[in-house]
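Some notes on the structure that comes next.
Where a number appears in this text, it was derived from the coordinates with a stated rule and is not lab data. Since the structure is predicted, the reported quantities are computational estimates derived from the model, not experimental observations. Cβ atoms come from the backbone with ideal geometry, glycine included; neighbour counts cover every protein chain shown.
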Amino acid sequence: MRVSDEDRDRAARRLQDAFTEGRLTRLELEDRLELALTARTYGDLLGLVSDLPATQPQADDVVVLESKSGHVKRSGDWAVPRRLRVVSKYGSVELDFSQAAVAHPVVEVELDLKYGSATIVLPEGGAANADRFRSEWGSTSLAGVPGRPRPGSLYLVVSGESTYGRLSIRHPRRRWFGG
């Protein structure tokens with residue numbers, strides 16, 4: 001079956017996303033884009049993207065998580081929105097991005113913490129900027145986390161404030177005995 005211009009454009013966007021994620025080299029991208037833009041059948045297009053992961057479902061653009069005295073936790077395989085706002089008056093916040101489905105290269109996290117603390121775990125290679133986060137009586141720690149974006153890796157921009165809590169941003173802890 002013959003493809004339309006929209007089908008070619010969709011395949012080209014998928015190839016460009018794969019390049020941005022670090023799944024294709026520049027040369028592979030250029031070669032595949034040329035073939036995608038001249039493809040005549042669905043079989044031609046399918047061969048160009050069949051070795052790439054299926055497109056991830058889009059998460060909502062903005063998600064608000066709120067808790068007055070409980071624990072806000074996201075971990076494992078969860079869909080990360082482009083912007084995440086977390087409001088916690090007395091509880092703690094734990095956001096683990098190490099196994100999350102992140103569809104965006106830059107994710108903005110806004111924290112509004114009164115008496116609680118927040119821990120953010122980045123995937124290996126992830127980077128974060130917490131320059132727009134203010135803590136009145138607590139602390140902010142980015143233990144070994146790069147502050148500049150890395151190609152193909154998650155870049156987290158953290159903003160907001162904490163009155164008495166702390167913010168810790170780190171990579172996953174390494175296990176000594178492989179378990």
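Overview of results
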read-out	value
Those trypsin sites (Lys or Arg not before Pro) in segment 7-109 that DSSP places in a loop and that have at most 13 other beta carbons within 10 Å	Arg40, Lys68
Residue-averaged [θ]222 nm for the chain, counting only DSSP H segments that reach four residues, each worth -39500 (n - 2.57)	-6500 deg cm²/dmol
Segment 10-37 and segment 75-99: distance between their alpha carbon centers, rounded to Å	31
Net charge over other residues, Cβ less than 10 angstrom from the Cβ of Glu110 (K, R count +1; D, E count -1)	0
Of (i) 18.2; (ii) 18.8; (iii) 16.9, the label for Kirkwood radius over Cα pairs in Å derived from the coordinates	(i)
Max mean-square fluctuation residue, GNM over the chain, Cα-Cα springs under 10 Å, options Pro53, Pro105, Pro81	Pro53
Among Leu27, Leu154, Ala12 the positive-end extreme of the charge dipole of the chain (Cβ point charges)	Leu154
Highest-fluctuation residue, Thr41, Thr20, Thr119 considered, GNM on the chain with Cα pairs under 10 Å	Thr41
Local electrostatic count at Ala143 - Lys and Arg +1, Asp and Glu -1, tallied over other residues with Cβ under 11 Å	+2
Most mobile listed residue (Ala36, Ala12, Ala143) in the chain, GNM with C-alpha springs under 10 Å	Ala143
